[in-house]
1. What percent of all Cα-Cα pairs in region 1-57 falls into each 5 Å bin, going from 0 up to the bin containing the maximum distance?
2. How long is the gain from residue 158 to residue 143 if the chain were fully straight, where each residue apart is worth 0.36 nm and the alpha carbon distance is subtracted?
3. Taking the Cα centre as origin and putting +1 on Lys and Arg beta-carbons and -1 on Asp and Glu beta-carbons, what dipole magnitude results for the chain, to the nearest 20 debye?
4. Hey, in the GNM for the chain with a 10 angstrom Cα cutoff, which one of 33, 78, 141 fluctuates hardest?
5. With just the Cα atoms of region 102-165, tell me how far they stretch along each of the three principal axes, in Å, largest first.
6. Out of all DSSP beta bridges in the chain, what portion is antiparallel? Express it as a percent rounded to 5.
7. Starting from the Cα of residue 38, step 7 Å along the direction of its Cβ; do the same at residue 6; then give the gap between the two resulting points in nm.
8. In whole Å, what is the distance between the alpha-carbon centres of region 112-156 and region 7-79?
Amino acid sequence: MIDITKLHAGDVITLDGTIYTARDQAHARLKKIIDNGEPLPVDFTDSFIYYAGPTPTMPNGRIGSIGPTTSSRMDKFIEYMPTLKIKGMIGKGPRDEHVRECCKKYGIVYLVATGGAGALLAKRVKSAKEIAFNDLGCESIKQLEVENFPLIVAYDIYGNSVFDK
């Protein structure tokens, strides 16, 4: 996995390893679990959460199109990200200034994937497994093994933003 202390806003990187998908509904459930002091269904330690909800998988495929969703919808959940012990989040587009501040405060990076390239990004997924909240369909939490998954560092842990450039 990547050493996030070496990443700077604007860096173009590729990611290899395990990432997890989670969108609005999954985040709402995770927050409720944390607020209730219950155990999490997934150990997110040192991982990345990808704001994506893949389309249905074609026969003999690993996963459907898996482009990023607009990340600002998850801004309201930023305060519980440190509880998950993640390295970072992956999505699309700029986020609230508070998210940028939290990335610096908690040592979390925000990476962006190219919107509209979901079919191409799916080719970088080597395996996919639904692991929590199966009733949410495309918004369930999935564990993905990715290889050479192309990303741009949007917010680094030093408070810098690619959107300032």
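We did not get these values from a lab; they are worked out from the coordinates using the rules stated. Keep in mind that this is a model prediction, so the values were computed, not measured. Glycine also receives a Cβ, built like all others from the backbone with ideal geometry; neighbour counts cover every protein chain displayed.
1. 4, 14, 20, 21, 17, 14, 8, 2
2. Numbers: separation 15, 0.36 × 15 = 5.40 nm, distance 2.82 nm.
Result for the pair: 2.6 nm of gain on full extension.
3. Working: 21 positive and 20 negative charges, 53 e Å.
In debye, rounded to 20, the chain gives about 260.
4. Between 33, 78, 141, it is 33 that shows the largest mean-square fluctuation.
5. 36, 25, 19
6. Working: 20 of 31 bridges.
Given both bridge residues lie in the chain, the antiparallel proportion sits at roughly 65 percent.
7. Spacing of the two 7 Å Cα→Cβ label points: 4.0 nm.
8. 8 Å
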